[in-house]
1. Take the chain, connect every pair of alpha-carbon atoms lying under 10 Å apart with a spring to form a Gaussian network, then pick out the residue of Asn237, Asn56, Asn221 with the largest mean-square fluctuation.
2. How many Å² of accessible area per residue for the stretch 78-136, probe 1.4 Å?
3. Non-local amide H neighbours of Thr116 (under 5 Å, H modeled in plane, Pro and chain starts lacking H): which ones?
4. What does the highest-first list of 109-115, 197-203 look like by mean Cβ count within 10 Å?
5. Computing the accessible area with a 1.4 Å probe over protein heavy atoms, can you report the carbon and sulfur percentage for the chain?
6. Only one of the values (i) 23.6, 79; (ii) 16.8, 50; (iii) 20.4, 59 was calculated from this structure for Rg and Dmax of the Cα atoms in Å; name its label.
7. Accessible area per residue, 1.4 Å probe, Å², for the stretch 147-260: what's the number?
8. Which entries of Lys89/Lys165; Lys38/Lys165; Lys89/Lys236; Lys48/Lys165; Lys171/Lys236 show an alpha-carbon separation above 26 angstrom in the structure shown?
Amino acid sequence: MRRYFTNTSPFADSGKKKNEFPDAIALLSLEAYAQTNKTKILAISTDKDWASFASNSPYIDVIEDLAQGIALFSPNTESDALCKVISSKIATAEWEKIQSQIEDALPDAIGDMQITAEADSSFYYEPSNFVEIEFIEFDFEKDPDSNAIITPIQRHHGGLTIQAKIKIRAKAYADFSLSMHDSIDDDYVSMGSASAEKAIDFDSAILFTIDGEIDYKNPENTEPDKVEIHSIELLKNRLTVDFGYIQPDWFDINPDDERY
């Protein structure tokens, strides 16, 4: 509780701190375990509060990239060579089937994300519990040589799990309830609702598994038509969308419109 009221990590100094209790419990439990067992723990997270907590903890290290963390424990030269070949070709027409399978899986993956709606308004506002995300397109994030950023995660019987970094373009939709404070009755009076939409771009990483006729010894001989892709997973599971300034929808009604 002391950390909560003093805004000490893992609690941020702004935002809805009550939502951070699960993370706080996880971090403090991990730290206690590491301290008891005289060991260190490597955590993978893009959460800035996790990183802040780790910077002050001798028992927990945090890095953002899953592939980087896996590589620290299980380097594989053949898998690295295969991923280098794939990274130079996956964005080409030759690998269009793989691109299409990733694209088909992303709408559902994005729909499972925990999305927080924020806005600015002259009124008190409360966002609805559901933010709709419409997937538009994705592209692979490129390195300085214009190759997709792809790294091996785990090689197993018949296949290889891979991480790829991608950029996603989408559109977000949300509804807000608006109100004003009535100082006489000391109550909040409804001012209606507002619907908002926002075009968004965000980065993420995906995991997917490939199998089929893969030539690990001579990866350049691997033919994309003989490669299958499975288990596509979006690693980013939280997103905050700022919808900008909002006002009641009825503000937009034109009283001179013949319908009114």
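The values are calculated or read from the model by the stated rules, or taken from the named source; none is laboratory data. What you see is a predicted model, and the numbers here were worked out from it, not measured in a lab. With ideal geometry, Cβ positions are generated from the backbone for all residues, glycine too; neighbour counts draw on all protein chains shown. Areas reflect the complete protein model, heavy atoms only, side chains present, ligands, DNA and RNA absent. Shrake-Rupley method; radii C 1.70, N 1.55, O 1.52, S 1.80 Å.
1. Evaluated over the chain, the most mobile residue of the options is Asn56.
2. It amounts to 56 Å² per residue over the stretch 78-136.
3. Those lying under 5 Å, H to H, from Thr116 are Leu239, Thr240, Val241.
4. 109-115, 197-203
5. That share works out to 47 percent.
6. So the structure-derived entry is (i).
7. 60
8. Listed pairs above 26 Å: Lys38/Lys165.
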